[in-house]
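Nothing in this text is a laboratory measurement; each read-out follows from the coordinates by a stated rule. These numbers were taken from a predicted model, which means no experiment stands behind them. Counting neighbours? That spans all protein chains shown, and the Cβs are built from the backbone with ideal geometry, glycine included.
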Number of protein chains: 2
Amino acid sequence: MAISADEIFKEFKENSIAEFFRKNRQMLGYAGKVRSLTTIVHEYVTNSLDACEEAGILPEIRVEVKEIGEEKYSVLVRDNGPGIPKNIVGKALATILAGTKFHRYIQQRGQQGIGASGCTLYAYVTTGKPIHVRSSTGRESYECDISIDIKNNKPLVSNLKDVDLNFRGLEVYGEFGEVKYENSDHGVFEYIKRTALANPHAAFSILDPYGKEFAFLRSTNVMPKKPKAIKPHPLGLEPSDLIEFAHRSDSRKVSSFIMETFSRVSQAKVDELKQLVSFDLSKNPKDLTWQEAEELVKAFKKIKWMAPELDSVSPIGEKYLELAMKNIINPEFISVVERKPKVFRGGIPFVVEAAIAYGGGAGKRGENQEEVGGNIIRFANKVPLLFDSATCAITYAIKNIDWKRYSIKDFEQEPVSVLVNVSSVFIPYSGVGKQAIAQEDDIVDEIKLAVMDAARGIQRYISNVRSRNMAESKYKTIMRYVNQLSNDLSELTGSNAKEIEESLKKLIDSKYKKLFEEAQENSYVLNEENEEKKEGGEEESMG
Amino acid sequence: MAISADEIFKEFKENSIAEFFRKNRQMLGYAGKVRSLTTIVHEYVTNSLDACEEAGILPEIRVEVKEIGEEKYSVLVRDNGPGIPKNIVGKALATILAGTKFHRYIQQRGQQGIGASGCTLYAYVTTGKPIHVRSSTGRESYECDISIDIKNNKPLVSNLKDVDLNFRGLEVYGEFGEVKYENSDHGVFEYIKRTALANPHAAFSILDPYGKEFAFLRSTNVMPKKPKAIKPHPLGLEPSDLIEFAHRSDSRKVSSFIMETFSRVSQAKVDELKQLVSFDLSKNPKDLTWQEAEELVKAFKKIKWMAPELDSVSPIGEKYLELAMKNIINPEFISVVERKPKVFRGGIPFVVEAAIAYGGGAGKRGENQEEVGGNIIRFANKVPLLFDSATCAITYAIKNIDWKRYSIKDFEQEPVSVLVNVSSVFIPYSGVGKQAIAQEDDIVDEIKLAVMDAARGIQRYISNVRSRNMAESKYKTIMRYVNQLSNDLSELTGSNAKEIEESLKKLIDSKYKKLFEEAQENSYVLNEENEEKKEGGEEESMG
């Protein structure tokens, strides 16, 4: 007998987002013990970097990881940032989807309001322990324990008291289970190292579970150009965005609402719009219908706009990118490219930077540090992406380049490392764990162009190396015969063998020296180009 | 000057989960136009299948896709299921994370309470249109429009009225933008085809955007064994689960709570537990502390338990799996394996089925239908997984098999298709879009074993084919010389050349015939094995 709908739906209820992620924590990056530990450090460190940057403070971040039991570790992260106000700290660290960042149009590492609350959840689920927080904002200074009421996605704050602290900023301490510290490409140390390289204005010190201290000093005291919160560009809008903005607006007319809310909209543009839509732009934006929003979006596409404001995007910069590559892999040759800002989805600005390293320490390493082929190093908004490589737009773009055109016969076989950083006010991640960039066409295309640009530099270097190698081997082969030839000629002509040998050597030397010099010169030219670019990069980063 | 914490956090707010997915719809599977359309059909069809199965109704599902504008399509899905009660329909189709399935421990396709509400959200975001619903539950019969209040994650139900309907069940109709119908491996048609193959008790009819009608009739009138809702097994629990259950429990003592809530817990087991924990099991479960829950979980691991109830899992069955392979790819040879149920995370039951097809239509096809190498066909709880292959446990397991051991020199180069279905009360998906299974060790290992099992069948077939081919080519080579040899022998001996040729041919034929027969016999044995398995499979699926 069939069971009725009423019977089936009698248990119908709503689930909290915290409950959902408790069951599906693999979606937050808590899958695998090594990855889980890296995820925790990643969430706290990115929050610290964002907070410092927003407050205009040069970041100084302390990370301590200690083994406290079987597959149990404590993690402490302390920064010198602005701290968190006492009345907000619970929500900030123990309410999933709460935060300051949703409605601002600004480049930041965090976007979602999930990360730190996810750590609190994971601590609770694996050890039952709250997170211990100490913070000094200058105005107040306190400590407390924070856990999460999973059923209601609400913070549980306890033991809150005012205390004197010997630092200004935020310190979080948590105990986590089902985690493991490992010195691998996916581990905490590698994560911090790469973060330091992409954030040269930040200083990091680490205490690892073996009691070892490491420090990454800052390589510049210049704060990166602060990304500006910008207004959305008309070309990046969909009808649903427009309605959302319109219904929240205090403007009295759609026309003024558009001019105030979006960038590049002048009175002249509004006049153009008037001709393109069937309704009156002086109506109240609160009454804007879907139909009208759709008309507006279509009209936006017919108008010539100035490009979006691009100073919302803050890339690493060529100078630091090159430094990063040198420090990470110390290769024979580096080629770096910072592309001009582009837009995706019609109006969201983004910048792609690419660096390619060849020879030396470049390329993937096997267990015994032997070369095993091409290597991809990914960043989004200066945050290293260590997981989910296979689904990432960066990996996809790089694998789809015809490397043979750049003198690289097989990417999987050669000593080459490709680093890409994508910066944007909105990075479309493929998952909640933010470890891969979704394969949006505009972004994939731009990454390809950037990497191909950089590959051209590498190509010249590789051809040079190859022609030098060829010249060298020819030279050596000929030199091997010089002695024999000199003796033979001496016998035939009666001249002195030594003299003949000397003059032959001189002749050969002079010819091949020229060849060598050409090769040298070419690589010198390449380096000079890089120097020039470096300076350009510096200028930009000071602007 | 540094900006203060109060300044930074003044815009602090909570985001609704609907708002989060509006911005990050790529995480729900809305990335790419073809994929987005398939996602919509997938969400509605899996809901229909689940509802029918739960109500004990043989599913009959109608899908209509029509082009209604530029990259705009309407999708209608109608089933003959139990319908949805009027007072719940809004929440069921327009509240993210609402549903009946969270707290039940039963194998179903849907798990999250996200899918259908995600469709409502996507319709709103891309066309501003509500979903039109018609439903008859037997007790009531109505229609209405449903949209979603994104800011509050609440349903907006309008135009609700009682109507006479000429069907029993649920019909949803929506209009969606940024979608595209395509006859590819990732398209709607392929999705329905694969769903039909894994659900032989369901009938599907499709109207495609070109006005063509297709039907997949049911191949059995026997409902699949209904998965039972089971109690969780003690070995699958973590302290946080235990506390969650304990604090919700009405039992008066921890001892009775454990016996009532979990499976395989007898009075004898409780007595054993008493010896292993430091606290009194007669305390109220509402007062269970984390410390105590941890003790219990540790104690659970020290006790010998009966295995979890395994009838919670409902696989496709070998018979239908083989049928599916024949229908999808019509290969030369098929090897099918259904493994016994196993558990992961200590106590969650799951079953892996694998089928390998070789030759004929097996293997990936290029644009012109040419063979291009090995092909992986993935299912989770009988739902086809068409996207995110690279991150899936199934792909990972298959790529990490040493295929050479099974006479397959290079998986990427041979005409081989591997189908895997993983069934469980809880599938750990790697993302919210549910297109890949997370790479949990227990699951990856079991998939490997299943595929390797099936590969052994294939190996025997391939070796046979190879030895037959070798015998055949030897035979042909020798035959080529028979005529010449006969003439030569005739000249030397004076015997009749024709006679010599006849007797030589007989000699060779008899020797090679034997070889051929052996090869034939072997492949016959393989087929017989399959026949036997088929019958076994049927029996099981009727149990």
Taking the label point 7 Å from Cα along the Cα-Cβ vector, the copy-to-copy distances for A:Arg456, listed from shortest in nm with one decimal, are 5.8
Projecting each Cα onto the charge dipole of the protein assembly as shown (Lys/Arg +1, Asp/Glu -1 at the beta carbon, about the Cα centre), which of A:Gly169, A:Leu37, B:Ser407 comes out farthest on the positive side? A:Gly169
Students often get this wrong: which residues of the range B:461-482 have the backbone nitrogen under 20 Å from the point 7 angstrom along Cα-to-C-beta of B:Glu502? B:479-482
Those lysines that a straight Cα-Cα span of less than 17 Å connects to A:Lys404, excepting residues fewer than 8 apart in one chain: A:Lys448
Could you tell me how many degrees, from 0 to 90 and to the nearest 10, lie between the Cα long axis of helix A:441-493 and the main elongation axis, the longest principal axis, of the Cα atoms of chain A? 10 degrees
Given H placed on each backbone N at 1.01 Å, which residues far from B:Ile376 in sequence or on other chains put an amide H within less than 5 Å of it? B:Val418
Most packed first (mean Cβ within 10 Å per residue), the peptides A:322-329, A:160-167 order as A:322-329, A:160-167
Under the rule of at least 5 residues apart or a separate chain, name every residue whose amide H is placed under 5 Å from the amide H of B:His233. B:Ser263
Whole Å is fine, so just give me how far the alpha carbon centre of the range A:458-478 lies from that of the range A:1-57. 55 Å
Tell me the angle of helix A:33-55 to the major Cα principal axis of chain A, expressed in degrees between 0 and 90 and rounded to the nearest ten. 80 degrees
Find, among the residues of chain A, the one whose Cβ sits nearest the axis of the rotation taking A to B; state the distance in whole Å. A:Ala390, 2
Grab the beta carbon distance between B:Glu182 and B:Leu156, set R0 = 41 Å, and tell me the FRET efficiency rounded to 0.05. 0.80
List the chymotrypsin sites (Phe, Trp or Tyr not before Pro) in the range B:270-305 that DSSP assigns to loop (not H, G, I, E or B) and whose Cβ has at most 13 other Cβ atoms within 10 Å. Which are they? none
For B:Ser141, residues with placed amide H under 5 Å, excluding near neighbours: B:Val163
With +1 on each Lys and Arg Cβ and -1 on each Asp and Glu Cβ, how big is the dipole of the protein assembly as shown about its Cα centre, in debye rounded to the nearest 20? 900 debye
In the range B:334-420, which trypsin sites (Lys or Arg not before Pro) are in a loop and have at most 15 other Cβ atoms within 10 Å, using DSSP for the loop call? B:Lys409
If you line up the long axis of helix A:497-542 against the longest principal axis of chain A, both from Cα atoms, how many degrees apart are they, to the nearest 10? 20 degrees
In what sequence, highest mean first, do A:181-190, A:308-317 appear when ranked by Cβ atoms within 10 angstrom? A:308-317, A:181-190
Using a label point 7 angstrom from Cα along Cα-to-C-beta, what distances in nm, from shortest up, separate B:Lys364 from the other copies? 1.6
Extreme residue, positive dipole direction of the range A:276-363, given options A:Phe344, A:Gln291, A:Asn330 (C-beta unit charges): A:Gln291
Calculated from backbone phi, Karplus (6.51, -1.76, 1.60) coupling profile of the range A:387-393 in Hz, x at Gly/Pro: 10, 6, 4, 4, 8, 7, 4
Can you give the mean number of other chain Cβ atoms that lie within 10 Å of the Cβ atoms in peptide B:47-54? 1
Exposure proxy ranking, count of Cβ atoms within 10 Å, fewest first, for A:Thr120, A:Thr493: A:Thr493, A:Thr120
Cα centre as origin, Lys/Arg/Asp/Glu Cβ charges: the range B:310-543 dipole, Debye: 440 debye
Listing A:Cys392, B:Cys119 by rising number of other beta-carbon atoms within 10 angstrom, fewest first, gives A:Cys392, B:Cys119
Excluding residues fewer than 8 positions from A:Lys286 in its own chain, the lysines with Cα under 17 Å of it are A:Lys253, B:Lys151
I'd like to know which of A:Leu58, A:Ala98, A:Leu76 lies farthest towards the positive end of the charge dipole of the range A:17-216, counting +1 on Cβ of Lys and Arg and -1 on Cβ of Asp and Glu. A:Ala98
Partner shielding of B:77-84, taken as the mean number of other chain Cβ atoms within 10 Å, equals 3
Taking the range B:368-458, which GluC sites (Glu not before Pro) meet the DSSP loop condition and have no more than 15 other C-beta atoms within 10 Å? B:Glu370, B:Glu412
Electrostatic dipole magnitude of chain A [Cβ: Lys, Arg +1; Asp, Glu -1; Cα centre; debye, to 20]: 600 debye
Inter-copy separations for A:Gly494, label at 7 Å along Cα-Cβ, nm, ascending: 8.5
Take peptide B:425-432, look around each residue's Cβ out to 10 angstrom, count Cβ atoms belonging to other protein chains, and average those counts. 4
Taking a 25 Å limit on the Cα-Cα distance, which of the listed pairs A:Lys154/B:Lys434; A:Lys298/B:Lys129; A:Lys23/B:Lys342; B:Lys161/B:Lys226; B:Lys228/B:Lys319; A:Lys161/A:Lys228 fall beyond it? A:Lys154/B:Lys434; B:Lys161/B:Lys226; A:Lys161/A:Lys228
